[in-house]
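Step one of this worksheet: look at the structure below.
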Amino acid sequence: MSTHNIFYSTIASILLLSACSTDHFIQTEGNMPSKKDILSIKQGMTKDEVIKIMGSPSIISSLNHRTWIYMNSTMKKVAFFKPEELDRNIVAIEFNPDGEVIKLSQLTKENGKDVAIYQGYTPVMGTEQTFMEKYFGGVGYMPIQPTKESNGL
């Protein structure tokens, strides 16, 4: 092997290894007011007063619209690997039906719980096909009979 081949293969190896960099990106997402703003929220304040101090919430509860959530998270991303959550902060403000603050809760990443997502599926009743319908229903000589549920359509 010549000296030129060794030199060029060494340069190529160095370039390939440098392409596999360990650079990472820290990304913060969300709307988290300052500690001073959070501490200034008191029971009995109205929604308008809370917005003036804390700004718009990240999420408003879809069930009763009486819980406002302010949250942010800090993620570390390295190349193509799964992002890692470094920090999470949540402030939940609950209002009574008159729109006044009744409770303020603060949560962090340590308070969180992992939720397992169900990987299966939920069958929809009435959509099961028999073997004959599945394999011969669209051929043309065995039409699928109208059912009571479809009103003949």
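Some values worked out for this structure:
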{"item": "The range 43-57, subset more than 21 Å from the chain's Cα centre (by Cα), part of a loop (DSSP other than H, G, I, E, B) and surrounded by 11 or more Cβ atoms within 10 Å (Cβ to Cβ), residue modelled with the lowest pLDDT", "result": "55"}
{"item": "Any chance residue 128 is within 22 Å of residue 42 (Cβ to Cβ) and either among the acidic types (Asp, Glu) or exposed (fewer than 10 other Cβ atoms within 10 Å of the Cβ) (or both)", "result": "no"}
{"item": "Checking residue 28 against (1) more than 24 Å from the chain's Cα centre (by Cα); (2) under 25 Å from residue 111 (Cα atoms); (3) among the hydroxyl-bearing types (Ser, Thr, Tyr), the condition it does not meet", "result": "(1)"}
{"item": "Lone unmet requirement of (1) within 15 Å of residue 31 (Cβ to Cβ); (2) open to solvent by 80 Å² or more (accessible area, probe 1.4 Å) for residue 91", "result": "(2)"}
{"item": "Residue among 88, 66 that is over 18 Å from the mean Cα position of the chain (by Cα), closer than 23 Å to residue 38 by Cα and not aromatic (Phe, Trp, Tyr)", "result": "66"}
{"item": "Residues (more than 14 Å from residue 103 (Cβ to Cβ) and touching a residue at least 12 places away in the same chain (Cβ under 8 Å)) located in the range 48-69", "result": "53, 54, 55, 56, 57, 58, 59"}
{"item": "Residue check for residue 138: at pLDDT below 85, in contact with a strand residue (DSSP E or B) (Cβ under 9 Å, 6 or more places away or on another chain) and open to solvent by 50 Å² or more (accessible area, probe 1.4 Å)", "result": "no"}
{"item": "Selection from the range 61-77 of residues that are open to solvent by 50 Å² or more (accessible area, probe 1.4 Å) and farther than 16 Å from residue 89 by Cα", "result": "62, 63, 64, 65, 66, 77"}
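The values are calculated or read from the model by the stated rules, or taken from the named source; none is laboratory data. Source: prediction; values computed, not measured. Reconstructed Cβ throughout: ideal geometry from the backbone, glycine too, with neighbour counts over all protein chains shown. Note: accessible area is taken over every heavy atom of the protein model, side chains too, but ligands, DNA and RNA are not part of it. Shrake-Rupley method; radii C 1.70, N 1.55, O 1.52, S 1.80 Å.
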